[in-house]
Amino acid sequence: MGGMGARSVRAAAARAALSMALALAWGPDARALETDQYFAWTKPLEDATAAVNAKVNKELLQALRDANEAESRRGESCYDVSRRAMKRFRFFIFQDIQLWVDNAPFVDRVPGTPEEELAYRRDSLYPFRGLRDVGMSIPPSPTIEIDGIRIGTDKLSHFFSNGWRYYRRYLRHARRGQSTEEAEAGAIGPGVWYEKNILGYALSGVFSIGDMEANYKGLLFFRSLCDGEAPRLVNEGGAWRLARPFDIREFVTPEWDESYRPSVYSPGRWRRVRRIMRRYCPLLDHPDVVARRADYARRDRVTETDRLVDKLVKEGRIADPSGYAIDTVCAAASSGDPGR
Amino acid sequence: MLSRRPAGHHVLAATVTLLTMIAAGGEVSAEEPPSVPGTTDLLDEITRHDDDLERRIVGLWGARASRALALSARVGLMVARQPASFDCTTTCEYRGPLVQLEPGIGGGQLSFGHGKVIGEHRGNRHFLAHVFLAYAVKGVILHSWSDASSVEPGETYLGVEGDLTAVMVNFSLGIFRHVSGDDDDWIVTAGLGWGF
């Protein structure tokens, strides 16, 4: 523990235990995983869209086979079938889909070798620091590329796990007669509170806008299974069919790349992260980085998450994320300003 | 090795055919994979990969302070099935039956149960070096042998114990009935430790 006194160790352990208890009590969408896309900035990555789509569609088809096979399940509703599908992706903190993507040979990842993994844990924005930093006791998740957008594999966990949680809350609000917009706001609001006040700052000191965006898109995915004029799941003659296959490109946006849409940090976490971010300033002019960020800017749209974050900033509930952007950090560093 | 770089032709072919499927609004049967070249191939390949499971035995370790055993160290084995390609150098999941042996200052216990462990080997071939999340429910035979235990020495108990580990911190809770000796009929034990 490098010089920590006994009182500090006990305080850190108590803080860690309380944070972990709160995180575990929240249930399966407890977030305890971070990611660092800066580390992958100049490293080549093959697109993983096809593999992720094939895996998800395979699981969806298996869920439908399970629903159709047993006589007792023939009367299942679309919600029941979507719940059956969700269970194939979801566990507790570590979602099955993420564990598969982190290990399967079909998906190119950074880090991609044991040597790169060791470097990642040492040099990432979130290196392990023992009991003083229990929020970073789990290694940061690797980076993959989806349709030209770099994302942490933790976003898949957020998408399926938190997305399902948001969907259930959405349905509760919708059943009360609320409009789609009201029901979505009712679904997202508690998640924002939880991210900000429990896991965001208490456990990891990171409030990730990318995570919020993935959560929201997960809600839209689960809504697309049964809702609207063209749901993905249709029942024909008592048997469920997948009318429209899953395509992750419908959901991934540049906001999912945390090096493009920066997180908001607690002051203590920011002191450490900023120091590491400054190492990437020379790479801002790298052709790959320039091209990718230009592509992101071209594809960037104002999302529901952007609107929500703007609202939180205006209300003074979170700091302005632009202060944590690499451009801001590097501009301050080059001007000799220690504050940013 | 953590990953092999996938063949580019899989990605391109599957992407193009998936686009075609979406544009055509084609329906996908639940009984069979999408009948489109490329997409079918990759989905079939992933299905074969996921079904190609290998039996693995992983070593578990831990230490804890508990009512019945005082301070103890435990070693265990879990049998699980995983895709043959997973080397679990980093985060991986094991799920299956397990056995644990746990000698301590106050007594010892032998446990049989079922659990799930998410952890990593970090280069250690036989044991999980780090356990990030784990749980198990076990049948336990417990015997006390010293005054360090919270029960009289020489007592034997049978019971059920639940274990939960989160980022290496272990919590356990058990309920036991004595099967020999003169102590109370039932005891509840709790423990706090490291590992799994």
For the stretch B:98-191, the Kirkwood Rh over every pair of distinct alpha carbons, in Å, works out to 14.2
Which residues qualify? For residue A:35, with a placed amide H closer than 5 Å and at least 5 residues away or on another chain, they are A:141
Explain nothing, just compute: Karplus ³J(HN,Hα) = 6.51 cos²θ - 1.76 cosθ + 1.60, θ = phi - 60°, for every residue of the stretch B:164-171 in order, whole Hz, x for Gly and Pro.
9, 10, 10, 6, 6, 8, 9, 10
I need the peptides A:48-58, A:153-163, B:51-61, A:248-258 ranked by packing, meaning the mean over residues of other C-beta atoms within 10 angstrom, with the highest value on top.
A:153-163, A:48-58, A:248-258, B:51-61
Would you tally the net charge around residue B:66, using a Cβ to Cβ cut-off of less than 14 Å, leaving residue B:66 out, and scoring K and R as +1, D and E as -1?
+1
Can you work out the Karplus-derived ³J(HN,Hα) for every residue in the stretch A:276-282? Use 6.51 cos²θ - 1.76 cosθ + 1.60 with θ = phi - 60°, whole Hz, and x for glycine or proline.
6, 4, 4, 4, 8, 4, x
How would you classify the stretch A:83-130 from its alpha-carbon gyration tensor, with a ≥ b ≥ c the square roots of the eigenvalues: rounded for a/c under 1.5, else prolate if a/b is greater than b/c, otherwise oblate?
oblate
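What's the whole-number percent of alpha carbon pairs in the stretch B:91-137 lying beyond 14 angstrom? Let's see the in-between values first.
On the way: 619 of 1081 pairs.
In whole percent, the share of Cα-Cα pairs in the stretch B:91-137 beyond 14 Å is 57.
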Ignoring everything but the protein chains, give the 1.4 Å probe accessible area of residue A:77 in square angstrom, nearest 10.
50
Using amide H atoms built 1.01 Å from N in the peptide plane, name the residues 5+ places from residue B:106, or on other chains, whose amide H lies under 5 Å from its own.
B:70, B:71
Take peptide B:41-50, look around each residue's Cβ out to 10 angstrom, count Cβ atoms belonging to other protein chains, and average those counts.
5
What area, in nm² and to one decimal, does the C-alpha convex hull of the stretch A:212-340 cast on average over all directions?
10.8
Given the pairs A:217/A:311; A:55/B:138; A:87/A:311; A:87/A:217, which span a C-alpha to C-alpha distance of over 23 angstrom in this model?
A:55/B:138; A:87/A:311
Amide H contacts under 5 Å for residue B:132, placed H, 5+ residues apart
B:118, B:119, B:120
Ignoring ligands, DNA and RNA and using a 1.4 Å probe, state the total buried accessible area between A and B in Å², rounded to the nearest 100.
4400
Per-residue HN-Hα couplings for the stretch A:258-274 [Karplus 6.51, -1.76, 1.60; θ = phi - 60°; Hz; x = Gly/Pro]
6, 8, 9, 10, x, 7, 9, 10, 6, x, x, 5, 5, 4, 7, 5, 4
How about residue A:314: which lysines have a C-alpha closer than 23 Å to its C-alpha, ignoring those fewer than 8 places off in the same chain?
A:196
Largest first and in whole Å, give the semi-axes of the stretch A:270-340's equivalent ellipsoid, each being the square root of 5 times a Cα gyration tensor eigenvalue.
23, 20, 8
Let me make sure I get this right: for the stretch A:144-270, a, b and c are the square roots of the gyration tensor eigenvalues over alpha carbons, sorted descending. Under 1.5 in a/c it's rounded, otherwise prolate if a/b > b/c, else oblate. Which is it?
oblate
For the stretch A:254-330, calculate the relative contact order in percent as a whole number, restricting contacts to Cα pairs under 8 Å that are 6 or more residues apart.
56
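The values are calculated or read from the model by the stated rules, or taken from the named source; none is laboratory data. Here the structure is a predicted model, which is why all the values come from computation and not from measurement. Positions of Cβ are backbone-derived with ideal geometry, glycine not excepted, and every protein chain shown enters the neighbour counts. Quick note on the areas: whole protein, heavy atoms, side chains included, nothing else; ligands and nucleic acids left out. Shrake-Rupley method; radii C 1.70, N 1.55, O 1.52, S 1.80 Å.
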